[in-house]
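Student: What follows is a structure written as structure tokens; I'll ask about it next.
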Amino acid sequence: MVKKKGRPRLKWSLKDKEIVARYQGQIGLFGNVICRICGRSFPLDIMEVDHIKPISQGGTDQPSNLQLLCPACNRKKSRKKTQRTKVTAYNPLDFRAPIIRI
Ligand SMILES: [Zn+2]
């Protein structure tokens, strides 16, 4: 019996990101989105989706568990996650971060 380990969701559509931004109240002036970490605003299409509670800890893909970060902050955050992950040895699937190409 093959057990599926969640569904890989590597790409987020603009629509997805807009839903998250509205849900999290991250919409700023001119429709730009405010990064939760650095507080600067960026166009929606470059923002990256981050899981507030990682999937590995039971987090979901629901807007209530998602936030938008700018690429620089998301990279920093996932680097931290990776370091912590090394110590606790999580499933490698947990490393997947949304890959967004413009
Ligand atoms: Zn940022």
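None of the figures in this text is laboratory data; all of them are computed from the coordinates on show. Everything numeric in this text was worked out from a predicted model, so none of it was measured. For neighbour counting, all protein chains shown are included, and Cβ atoms are generated from backbone atoms with ideal geometry for every residue, glycine included.
Student: Hey, what do the phi angles of region 44-50 turn into as Karplus ³J(HN,Hα) couplings, whole Hz, using 6.51/-1.76/1.60 and θ = phi - 60°, x for Gly and Pro?
Tutor: Working through the residues one at a time gives 3, 5, 8, 5, 10, 8, 10 Hz.
Student: Sort region 14-75 into rounded, prolate or oblate with this rule: let a ≥ b ≥ c be the square roots of the eigenvalues of the Cα gyration tensor; rounded if a/c is under 1.5, and if a/c is not under 1.5, prolate when a/b is larger than b/c, oblate otherwise. Don't jump to the answer; show the numbers that get you there.
Tutor: Values: a/c = 2.11, a/b = 1.50, b/c = 1.41.
Since a/c reaches 1.5 and a/b is larger than b/c, the shape of region 14-75 is classed as prolate.
Student: Evaluate the charge dipole of region 14-75 about its Cα centre and quote only its size in Debye, nearest 20, assuming +1 on the Cβ of each Lys and Arg and -1 on the Cβ of each Asp and Glu.
Tutor: That gives region 14-75 a dipole magnitude of about 160 debye.
Student: Give me the number: length gained by fully extending LYS15 to LYS76, i.e. 0.36 nm times residue separation minus the C-alpha to C-alpha distance, one decimal in nm.
Tutor: 19.5 nm
Student: Now a separate question. At ASP61 and CYS38, where each label point lies 7 Å from the Cα along Cα→Cβ, what is the point-to-point distance in nanometres?
Tutor: Here the modelled spin labels are 2.8 nm apart.
Student: Could you tell me which residue out of SER56, ILE46, CYS73 lies farthest along the dipole of region 14-75 toward its positive end? Charges go on the beta carbon: Lys and Arg +1, Asp and Glu -1, centred on the Cα centre.
Tutor: CYS73
Student: Here is a further query. Applying the Karplus parametrisation 6.51 cos²θ - 1.76 cosθ + 1.60 with θ = phi - 60° to the phi angles of region 35-42, what ³J(HN,Hα) value in whole Hz is obtained for each residue in order, glycine and proline being reported as x?
Tutor: 3J(HN,Hα) across region 35-42, in whole Hz: 5, 5, 9, 8, x, 8, 10, 9.
Student: Okay, moving on. Amide H neighbours of VAL33 under 5 Å, counting only residues 5+ apart in sequence or on other chains, H built in-plane at 1.01 Å?
Tutor: Answer set, sorted by chain and number: GLY28, PHE42, LEU44.
Student: 5 Å is the cut-off here: which amide hydrogens, built 1.01 Å from N in the peptide plane, fall below it relative to LEU66, excluding neighbours closer than 5 in sequence?
Tutor: Under 5 Å from the amide H of LEU66 lie the amide H atoms of ILE52, each far enough along the sequence or on another chain.
Student: Moving on. Could the peptides 27-38, 68-79, 51-62 be put in order, highest first, of the mean number of other beta-carbon atoms found within 10 Å of their residues?
Tutor: So the order, starting with the most tightly packed, is 68-79, 27-38, 51-62.
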